[in-house]
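**Q** Handing you a structure now.
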Amino acid sequence: MSATMIQLGVDDCCIDAGLRSRISQIPKAPHTRIYVVMEDGLEVALLALDQIPYVDYLVLYEIFVRPECRGKGLGSRLLGEVESLAKALGYEKITLSPRPLEQGYSEEKLIAWYNIHGYAERPNCPTELEKSIDLSGIRPRP
């Protein structure tokens, strides 16, 4: 199965009520980009990223996979897509603040999941995680 990320415009919305609810809770900063993830014609997840042009890191603000789509590796694949996007845009790192979006999912479990994917505590900021991106072969950002 192949997932496709579609960036939502200001007036765009999605069909799935659960994803619409999540989107309505995401603060809209000037550099926030929201992506709906489609798989086999269905909306299965969303990503919220802060693509700030004057910093060396991409902020993964939120990754949300619909409950019935979990446990199949989609979240891991989406992290890979975010890392590919960060590399294509020339960001040196991805940062995030790991916080569970639903009751019953512990912060410790979430941090362990990110650790498995190469994210570690951000220096001088113990509430955030980060991962360095290999930019070899990529033109530096202006």
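The values are calculated or read from the model by the stated rules, or taken from the named source; none is laboratory data. All values derive from a computational prediction rather than experimental measurement. Backbone-built Cβ (ideal geometry, glycine too); neighbour counts: all protein chains shown.
**Q** Under 30 Å from L135 (Cβ atoms), among the aliphatic types (A, V, I, L, M) and in contact with a His (Cβ under 9 Å, 6 or more places away or on another chain): which single residue out of I34, I52, I94 fits that description?
**A** The match here is I52.
**Q** Got at least one residue in the range 113-126 being hydroxyl-bearing (S, T, Y) and closer than 23 Å to L8 by Cα?
**A** Taking every residue of the range 113-126 in turn, none turns out to be hydroxyl-bearing (S, T, Y) and closer than 23 Å to L8 by Cα.
**Q** What's the number of the only condition in (1) surrounded by fewer than 18 Cβ atoms within 10 Å (Cβ to Cβ); (2) outside any loop (DSSP other than H, G, I, E, B); (3) modelled with pLDDT of 95 or more; (4) in contact with a strand residue (DSSP E or B) (Cβ under 7 Å, 6 or more places away or on another chain) that G118 fails to meet?
**A** Evaluating G118 over (1) surrounded by fewer than 18 Cβ atoms within 10 Å (Cβ to Cβ); (2) outside any loop (DSSP other than H, G, I, E, B); (3) modelled with pLDDT of 95 or more; (4) in contact with a strand residue (DSSP E or B) (Cβ under 7 Å, 6 or more places away or on another chain) leaves (2) as the failure.
**Q** Hey, another quick one. Conditions: (1) surrounded by fewer than 18 Cβ atoms within 10 Å (Cβ to Cβ); (2) among the charged types (D, E, K, R); (3) within 19 Å of S2 (Cα to Cα); (4) more than 14 Å from the chain's Cα centre (by Cα). E81 meets all but one. Number of the miss?
**A** For E81, the exception is condition (4).
**Q** Separate question: When you check R66 against the structure, is it in contact (Cβ under 8 Å) with a residue 40 or more places away in the chain and over 22 Å from S136 (Cα atoms), yes or no?
**A** yes
**Q** Tell me yes or no: at least one residue of the range 24-45 is of a type outside the set (G, A, S), crowded, with 19+ Cβ neighbours inside 10 Å and over 21 Å from L101 (Cβ atoms).
**A** Looking for residues that are of a type outside the set (G, A, S), crowded, with 19+ Cβ neighbours inside 10 Å and over 21 Å from L101 (Cβ atoms), one finds none in the range 24-45, hence no.
**Q** Being modelled with pLDDT under 95 and either among the hydrophobic types (A, V, I, L, M, F, W, C) or over 27 Å from S21 (Cα atoms) (or both) is the filter here; which residues of the range 93-110 pass it?
**A** The answer is L101, L110.
**Q** Would you tally the residues in the range 84-104 being of a type in the set (F, W, Y) and loosely packed, with under 12 Cβ neighbours inside 10 Å?
**A** Looking only at that region, the number is 0.
**Q** List the pairs whose first member sits in the range 100-127 and is over 15 Å from G71 (Cβ atoms), whose second member is among the β-branched types (V, I, T) and loosely packed, with under 13 Cβ neighbours inside 10 Å, and whose Cβ atoms are under 9 Å apart, counting only residues at least 6 apart or on separate chains?
**A** Filtered contacts from the range 100-127: E121/T127.
**Q** Since Y35 meets every condition but one in (1) of a type in the set (F, W, Y); (2) under 15 Å from Q7 (Cα atoms); (3) part of a loop (DSSP other than H, G, I, E, B), which condition does it not meet?
**A** (3)
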